[in-house]
Each structure stands twice: as C-alpha cells, then as structure tokens.
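Q: The structure follows.
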Ligand code: PLP
C-alpha cells in the first residue's frame, strides 16, 4: 500500500469553491477516508462522508479507449452528476449522455460543446426538448410514434437515433426493456413515419440493461442493430451512428469484466459494422466509470449484541450506521449487488461475527446487509463502504431529514498536473 503523503499546503482548486486534496502519491481509499474522518473528528463532526479517487476515474476513462478504440464514450450523467466528476470527464475529453434539461444545462455550463451531448431519453418533456433546441443539442433518441410527433413539432431538424428493445433477453440486474425501445417489428413503420414527416434519422441505439451479466447480450443486440440499420437505409436515411448504450459492470471483480465485454463487442462491431463502412460507434457507460471511484464512510451510531441461548457467546451483531438505504445506498433496496463494508481506524480483533447493518432512518426496510462477517466494533467507530459511486447519491433522498454525506476529492499530483495541462485528453464527439 502506498504511504500517505498528504501535502497540506498543496491544496488546489479545479473549479467552483470545492477543494481537491492533492496527494504526492496516490493512496488507498481507506487512507483517504482515515484522513477525512480524523479531520472531521477534530471538529467534532460525525456525519457520514464520501471520497472520490480522481486517479481511479481517470484510469477508467483512459482504459475505455485502450479497450474500445472505435467506441466514443458519452458518460451517462444520471449515474452520478457530481460537479467534479463531470468536470474531470470534460477535461479528459468525454462526451455526455443527458436525460433532462438540468443535465444538459449542467454540462453546457461547464463549457462543453453541444456536439458532445446526446439527449438520450426516448421520452422528453416538451420544455426540455425546446431547451435542447435553443442550445443546439440536436442528437437524441426516440422509440415511439408520439415522440416523432413531438420532435416534429418542437425540433424538426434534430438528428435522431431509433432506440430498439433487444429481442433476445439476457440476465441483467436492472432491466430497461419493459419501459424503453421499439420492437424490431415496429422499426419499419417508425422509419416510414419519420420519413413522411421529413425527420432525420441517422442511426439506432439500444441499452442491454444496467449491470449486464453476459457479453452475449451486446453481441446479440449489435447483430439486431445491423438489421434495423439496413431497414433505415432501405427507407432512404443516411444511417451513420450506432449507439451501444450502457450496461458495463463497475466492479472489476465481477464478470463479464470490461476486457471480456470489449473482446466480444469489438469482434461483433468488426463483423457487423466494419470500420470501412464509416459508421460512428458511441456508448453511454455510467456505472463502469464511477462505481469504484467513490467510497463511503459512515459512523456506527448504535449496536445490539445478540447472544446464543447460553448467553456465553455472541451469535449476531446488529449495527446502526448513519448512512443507509435512503441515502447513498438506495440500490440495496432494488438490486442484488453485494454491500461491502469494513472497519476503518479499528484495531479490530480477527474474530468475525455474523453482522447486520441498518441505516439511520426509522424505516424497517432501511437495511443494508444481513449476514456480513465483521469484527466486533464499538459505537462511535467508522466503517468504510466500497463501490459507492454509481446510482448512489444521484438517487439518494433525505428521508427523516438525515444529512446527505459530503463528497471529498483526492488526486495524486501527477494526475492532477496532467489534467490541468490537458495531456490526458482523449476527445470524442457524439
Ligand atoms: N444510457 C441510458 C439511456 C440509460 O438509461 C442508462 C442507465 O439507466 C445508461 C446509459 C447508463 O447505464 P450503465 O450505468 O448501466 O452503464
């Protein structure tokens, strides 16, 4: 593990009024958390917090282009729209997938060119669509006749991608197919309708579902995209864009890894959309970029020891921590992702006990995990929760008026200098 080499006098600003803490050598998330928790403790603050490891975000962005040299990255803002994450990605040259007026506005206000935005919500509110038009954000998705009517009325010159629902169903943690995408059988009528309205369809898009559990889902969808592409060409559209959406896993320990996905997807793209054909390929990853870059720290605010029948040994420990399923970890209520928690600043014994972690609200479903092996920890100690970057605080509530954790930013000095001088940039235009 790296030494902790924080240089307190070397605190820089990237934008706005929030500091990035520059470290001489990149540290572990636990080191960043220890530093922040110790600092807070001196001020008598016991609120939960989050740390962003900017080096990790940069690494993952650059790894994308190593693995997918043909696929332009449009970061899905909905996954985590923290201002610093968005700013770092902008500095790296990323494009952006926005779902609403506010997301478009946030990206434009950072100085991102409209050509680097895709408005990838197939169902858009009228006023949001008008805002997109006023700001020249002209690339967008649709999946119904009603949406075509809306686009014709409000933004007739938009460049459209037809979103289809992949026919073959594969295992995903979060299915999007029930809500979005036209079926293959509907594509022809939608193309004809768009043509009759004088609209400009330039490609197709899909989303295999978030946290997709097999690379074959992408392979199958790319093949289907080719068939829909050909229908568009047959109707007379100049089809130039394929958008393969999101769905890539965030945690490197889970399969398919990004490398496994890349191998299958690149092969399929070469087979069905060879480079010589000139079709531009884009993707909208969210989770892949940010899930591992953020970790959380929460304070143990309560504990209950449950003994065996003889009352001689501890059978189970229940912890109450001050961030929960209504805060950073909304996904524990919906998805099967594993909640990964460990002690911080704890000279813990190696003996482990079956443990449950509860969040801080008065709701009985505010439960984070029920059978974690954890060392015995005292009330007032801190725990670290990994994988807190995706669909976490962008989905959190302040139910029971619990404070939302503050996010602290850390970056190694080398990465920081390169970000500032622009040498890490790999640009993409949607
Ligand atoms: N694009 C669209 C249209 C989405 O709806 C989503 C997630 O819901 C994403 C991209 C990002 O997906 P992921 O975080 O799984 O990569």
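The values are calculated or read from the model by the stated rules, or taken from the named source; none is laboratory data. Since the structure is predicted, the reported quantities are computational estimates derived from the model, not experimental observations. Cβ atoms come from the backbone with ideal geometry, glycine included; neighbour counts cover every protein chain shown.
Q: Can you tell me which condition residue 360 does not meet? The list is (1) more than 23 Å from residue 46 (Cα to Cα); (2) more than 16 Å from the ligand (Cβ to nearest atom); (3) in a loop (DSSP other than H, G, I, E, B); (4) in contact with a strand residue (DSSP E or B) (Cβ under 7 Å, 6 or more places away or on another chain), and all the others hold.
A: Just one mismatch for residue 360, condition (1).
Q: If you don't mind, there's one more thing I want to ask. For the range 267-300, give me each residue that is in a strand (DSSP E or B), more than 19 Å from the chain's Cα centre (by Cα) and away from the ligand (no atom under 16 Å from the Cβ). It would help to see each step written out before you state the result.
A: Going residue by residue through the range 267-300, those that are in a strand (DSSP E or B) are 280-283, 294-300.
Of the ones still in play, those that are also more than 19 Å from the chain's Cα centre (by Cα) are 280-281, 297-300.
Result: 280, 297, 298, 299, 300.
Q: List the residue pairs whose Cβ atoms are under 6 Å apart, where the first residue sits in the range 113-130 and is under 20 Å from residue 87 (Cβ atoms), the second is within 12 Å of the ligand (Cβ to nearest atom), and the two are 6 or more positions apart or on different chains.
A: 117/96; 117/98; 118/74; 118/97
Q: Additional query: Could you count how many residues in the range 140-164 are within 21 Å of the chain's Cα centre (by Cα) and either more than 30 Å from residue 213 (Cα to Cα) or touching a residue at least 40 places away in the same chain (Cβ under 8 Å) (or both)?
A: 2
Q: Do you know which residues across the range 383-398 are at pLDDT below 95, surrounded by 16 or more Cβ atoms within 10 Å (Cβ to Cβ) and over 19 Å from residue 84 (Cβ atoms)?
A: none
Q: Here is a further query. Of all residues in the range 206-216, how many are surrounded by 24 or more Cβ atoms within 10 Å (Cβ to Cβ) and more than 16 Å from the ligand (Cβ to nearest atom)?
A: Going through the range 206-216 one residue at a time, the tally reaches 0.
Q: State yes or no: is residue 203 within 16 Å of the ligand (Cβ to nearest atom), closer than 22 Å to residue 152 by Cβ, modelled with pLDDT of 95 or more and crowded, with 17+ Cβ neighbours inside 10 Å? Give the steps one after another, and end with the answer.
A: Values: within 16 Å of the ligand (Cβ to nearest atom): yes; closer than 22 Å to residue 152 by Cβ: yes; modelled with pLDDT of 95 or more: yes; crowded, with 17+ Cβ neighbours inside 10 Å: yes.
Yes; evaluated as a whole, the condition is true for this residue.
Q: Okay, next question. How do the pairs read when you match residues in the range 387-401 that are in contact (Cβ under 8 Å) with a residue 60 or more places away in the chain and at positive phi with residues anywhere that are assigned to a loop (DSSP other than H, G, I, E, B) and surrounded by fewer than 23 Cβ atoms within 10 Å (Cβ to Cβ), using Cβ under 8 Å and keeping only pairs 6 or more apart or on different chains?
A: Partner pairs satisfying both residue conditions: 387/251; 387/337; 387/340; 391/330; 400/326; 400/361; 400/362; 400/363.
Q: Same structure, new question: Yes or no: residue 41 surrounded by fewer than 22 Cβ atoms within 10 Å (Cβ to Cβ) and without any contact (Cβ under 8 Å) to a residue 12 or more places away in the chain?
A: Judged against the criteria, residue 41 is a match.
Q: Of (1) out of contact with any strand residue (DSSP E or B) (no Cβ under 6 Å at 6 or more places or on another chain); (2) part of a loop (DSSP other than H, G, I, E, B); (3) under 30 Å from residue 83 (Cβ atoms), residue 246 satisfies all except one. Which?
A: Against the list (1) out of contact with any strand residue (DSSP E or B) (no Cβ under 6 Å at 6 or more places or on another chain); (2) part of a loop (DSSP other than H, G, I, E, B); (3) under 30 Å from residue 83 (Cβ atoms), residue 246 comes up short only on (1).
Q: Looking at 179, 167, which one is closer than 22 Å to residue 248 by Cα and without any contact (Cβ under 8 Å) to a residue 12 or more places away in the chain? Even if it seems obvious, please write down each step before you answer.
A: Working: 167 fails: without any contact (Cβ under 8 Å) to a residue 12 or more places away in the chain.
Exactly one of 179, 167 is closer than 22 Å to residue 248 by Cα and without any contact (Cβ under 8 Å) to a residue 12 or more places away in the chain, namely 179.
Q: Yes or no: residue 146 within 21 Å of residue 77 (Cα to Cα) and either away from the ligand (no atom under 16 Å from the Cβ) or out of contact with any strand residue (DSSP E or B) (no Cβ under 7 Å at 6 or more places or on another chain) (or both)?
A: No; evaluated as a whole, the condition is false for this residue.
Q: Just checking, which of 303, 255 is in a loop (DSSP other than H, G, I, E, B) and either at pLDDT below 95 or more than 16 Å from the ligand (Cβ to nearest atom) (or both)?
A: 255
Q: In the range 235-243, is there at least one residue being buried (at least 23 other Cβ atoms within 10 Å of the Cβ) and within 16 Å of the ligand (Cβ to nearest atom)?
A: Yes, because at least one residue in the range 235-243 is buried (at least 23 other Cβ atoms within 10 Å of the Cβ) and within 16 Å of the ligand (Cβ to nearest atom).
Q: Is at least one residue of the range 189-196 closer than 18 Å to residue 430 by Cβ and surrounded by fewer than 20 Cβ atoms within 10 Å (Cβ to Cβ)?
A: The answer is no; no qualifying residue exists.
Q: Those residues that are within 12 Å of the ligand (Cβ to nearest atom) and closer than 26 Å to residue 148 by Cβ, I need them from the range 166-182; list them, please.
A: 175, 176, 177, 179, 180, 181
Q: Got at least one residue in the range 417-429 being part of a loop (DSSP other than H, G, I, E, B), free of Cβ contacts under 8 Å to residues at least 24 places away in the same chain and more than 19 Å from residue 322 (Cα to Cα)?
A: Residues of the range 417-429 that are part of a loop (DSSP other than H, G, I, E, B), as a first pass: 422-429.
Within this subset, residues satisfying the condition of being free of Cβ contacts under 8 Å to residues at least 24 places away in the same chain are 423.
Now drop any that are not more than 19 Å from residue 322 (Cα to Cα), which leaves 423.
Scanning the range 417-429 turns up at least one residue that is part of a loop (DSSP other than H, G, I, E, B), free of Cβ contacts under 8 Å to residues at least 24 places away in the same chain and more than 19 Å from residue 322 (Cα to Cα).
Q: Test residue 219 against the criterion of being within 16 Å of the ligand (Cβ to nearest atom), in contact (Cβ under 8 Å) with a residue 40 or more places away in the chain and in a helix (DSSP H, G or I), and give yes or no.
A: No.
Q: Separate question: For the range 111-135, give me the residue count where each residue is more than 14 Å from the ligand (Cβ to nearest atom) and within 16 Å of residue 76 (Cβ to Cβ). Show your work before the answer.
A: Kept after step one, since they are more than 14 Å from the ligand (Cβ to nearest atom), are these residues of the range 111-135: 111-116, 125-135.
Applying the additional criterion that residues be within 16 Å of residue 76 (Cβ to Cβ) yields 112, 116.
Of the residues in that region, 2 qualify.
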